[in-house]
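The values are calculated or read from the model by the stated rules, or taken from the named source; none is laboratory data. Keep in mind it's a predicted model, so treat the numbers as computed, not measured. Glycine also receives a Cβ, built like all others from the backbone with ideal geometry; neighbour counts cover every protein chain displayed. Each accessible area value is taken on the protein alone, full model and side chains, heavy atoms only, with ligands, DNA and RNA left out. Shrake-Rupley method; radii C 1.70, N 1.55, O 1.52, S 1.80 Å.
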Amino acid sequence: MRLIIFLLAIVQFMAVSAQPIQNEVYFEHIKSVKFHHSSLPTSNPIIDLNSTGKLKLSFDDMEGGNKDYVYSIQHCNKDWYPTDIDELEYLNGFNEEDIQRATFSSQTAHDYTHYELLIPNQNTSWILSGNYILTVMDEDENNLVIMTRRFMVVEPIVKISSQILPAFNAELYNTHQRVDFAIDLNKFYISDPMNELSVTILQNGRWDTHINNIKPLTAIGDQVNFNKFGVSTFSSGKEFRYFDTRDIQLNSDRTEAIEINTYGIDVLLKKDMKRESKNYIFYREGNGVFVPNYEGTLRNGKATSEYTNVIFTLDSSQPIYEHDLYVVGEFSSWNCYPENKMAYNDEVGGYQAELLLKQGYYNYLYAAVDGNDQVNYEITEGNWFETENEYTIMVYYRQLGSRYDRLIGVAHANSLKGN
């Protein structure tokens, strides 16, 4: 149990104005959390207002059984603080509805229960655009919060053009990418775009590295330009590390060995090297995602896929002093949880971690965290401008006197493909 995180969650929900609500999983027995547009498991949880599409939440409970999980939806402002508007103003139907889709695992080494939720549905739908928080609670435990997940509802009103270029700063030219973009209001009237518009940018769908509250540089007619010096500049990183356990009968190119025994399945990955001084190498990966077997992969395995003990090894001739190392990815919500922490092993000459992960395709990175909880990827991964990254540009609009931020445009840009 993540006691410290859970206590923070209690504080957060008792005084919601204290800090923005994050993507969090508060208990270790909740695994393989996915939240995306139902049509594409690698997508961000973004949906058009009044569309026929659905968002899909899925997760596994390693404690098994059939628990009474319920969900609620909270409208938030652009900075992920709950708005003060009444629930009836942003929601049709009911809050705290049951998650009714539950499937028990079958013939697996680890027993678990798989849960799924599609929203909007006949019980719950939204009225307004903007940011929302989906909260899952255990009704049998006095609505104990299990997880929180961000999602966005967009009114596609404005048009966004963009390009990915090197950083303005000469020192960052070879290691960072800047997102230049402009907005065409498309005849949508905004009285004061310089103050009423704000933009948030995600790199590879990650909230741990996002840039928000980007304000316009100029506004002339329908054209609003945001290309300020250095404001929308991201570390480029390098291509994500990956492994594939969809078929445990075969070793993939990143697998050293697989051992199946009466206690479970151990998957030893090939030893990774630190890449901070390595030349850039391009290869196809998923830009940080993980895709469990049941999400359109080799078989319908939402309740028949195994959980395997995946052993990660990062080569290091000596410990990296004053830093803790973690294995992170979408599978951990990009958070550094205790179960993702690595330990130095003299016998293997590096750091190791053993994670219980469902069969599937995974992207991951190694994160170094200092004593001030600052995350550093430069120590283990490094940066190259040529890295392929996917950017999501989100335009928020709050009219003078309004009580919430509308999301009036979303666009995607790829650093290799352009807009």
Those residues of the stretch 382-413 which are open to solvent by 10 Å² or more (accessible area, probe 1.4 Å) and in contact with a His (Cβ under 9 Å, 6 or more places away or on another chain) amount to Asn383, Phe385, Glu390, Tyr404
### Task
Kindly check whether there is at least one residue in the stretch 149-172 that is over 19 Å from Glu24 (Cα atoms) and of a type in the set (Phe, Trp, Tyr).
yes
Of the residues in the stretch 65-97, those that are free of Cβ contacts under 8 Å to residues at least 40 places away in the same chain and under 28 Å from His29 (Cβ atoms) come to Phe94, Asn95, Glu97
Those residues of the stretch 260-305 which are assigned to a strand (DSSP E or B) and either at pLDDT 95 or above or surrounded by 19 or more Cβ atoms within 10 Å (Cβ to Cβ) (or both) amount to Ile265, Asp266, Val267, Leu268, Leu269, Asp272, Phe290, Val291, Pro292
Here the residues within the stretch 45-64 that are in a loop (DSSP other than H, G, I, E, B) and touching a residue at least 24 places away in the same chain (Cβ under 8 Å) are Pro45, Leu49, Lys54, Met62, Glu63, Gly64
Reported set for the stretch 93-119 where residues are of a type in the set (Asp, Glu) and under 16 Å from Val70 (Cα atoms) is Glu96, Glu97, Asp98, Glu116
Thr313: passes all of (1) in contact with a Gly (Cβ under 7 Å, 6 or more places away or on another chain); (2) at positive phi; (3) among the hydroxyl-bearing types (Ser, Thr, Tyr) but (2)
Within the stretch 34-86, of all residues that are of a type in the set (Ser, Thr, Tyr) and touching a strand residue (DSSP E or B) at 6+ places or on another chain (Cβ under 8 Å), the one most open to solvent (accessible area, probe 1.4 Å) is Thr42
Of the residues in the stretch 233-259, those that are open to solvent by less than 50 Å² (accessible area, probe 1.4 Å), in a loop (DSSP other than H, G, I, E, B) and over 30 Å from Ile393 (Cβ atoms) number 4
- With the condition kept exactly as written, say whether any residue in the stretch 326-333 is touching a strand residue (DSSP E or B) at 6+ places or on another chain (Cβ under 6 Å), charged (D, E, K, R) and farther than 20 Å from Val289 by Cβ. no
Just to be sure, is Ile157 more than 27 Å from Ser72 (Cα to Cα), open to solvent by less than 60 Å² (accessible area, probe 1.4 Å) and either in a loop (DSSP other than H, G, I, E, B) or basic (Lys, Arg) (or both)? yes
In the stretch 399-419, anything farther than 22 Å from Ile164 by Cα and more than 22 Å from the chain's Cα centre (by Cα) is listed as Gln399, Leu400, Gly401, Ser402, Arg403, Tyr404
A careful count of residues in the stretch 76-97 that are within 23 Å of Ser51 (Cα to Cα) and assigned to a strand (DSSP E or B) gives 5
Note on the stretch 120-142: residues more than 14 Å from Asp48 (Cβ to Cβ) and open to solvent by 50 Å² or more (accessible area, probe 1.4 Å) are Gln122, Glu139, Asp140, Glu141, Asn142
Checked pairs for the stretch 103-118, first closer than 10 Å to Asp61 by Cα, second open to solvent by 20 Å² or more (accessible area, probe 1.4 Å) and among the basic types (Lys, Arg), C-beta under 8 Å and 6 or more apart or across chains, list as Tyr112/Lys31; Thr113/Lys67; His114/Lys302; Tyr115/Arg101
Residues of the stretch 212-232 being assigned to a strand (DSSP E or B) and either open to solvent by 30 Å² or more (accessible area, probe 1.4 Å) or farther than 18 Å from Leu165 by Cα (or both), in sequence order, are Asn212, Asn213, Thr218, Ala219, Ile220, Gln223, Val224, Asn225
By residue number, the members of the stretch 320-333 that are in a loop (DSSP other than H, G, I, E, B), at pLDDT 95 or above and open to solvent by 30 Å² or more (accessible area, probe 1.4 Å) are His323
Checked Tyr351, Tyr361 against criteria (within 20 Å of Leu40 (Cα to Cα), open to solvent by less than 50 Å² (accessible area, probe 1.4 Å), not in a helix (DSSP H, G or I) and not aliphatic (A, V, I, L, M)); the one match is Tyr361
Residue set Tyr391, Tyr404, Tyr396; condition farther than 16 Å from Arg275 by Cβ, part of a loop (DSSP other than H, G, I, E, B) and modelled with pLDDT of 95 or more; output residue Tyr404
Conditions (1) in a strand (DSSP E or B); (2) within 18 Å of Ile157 (Cα to Cα) -> Trp207 fails only (2)
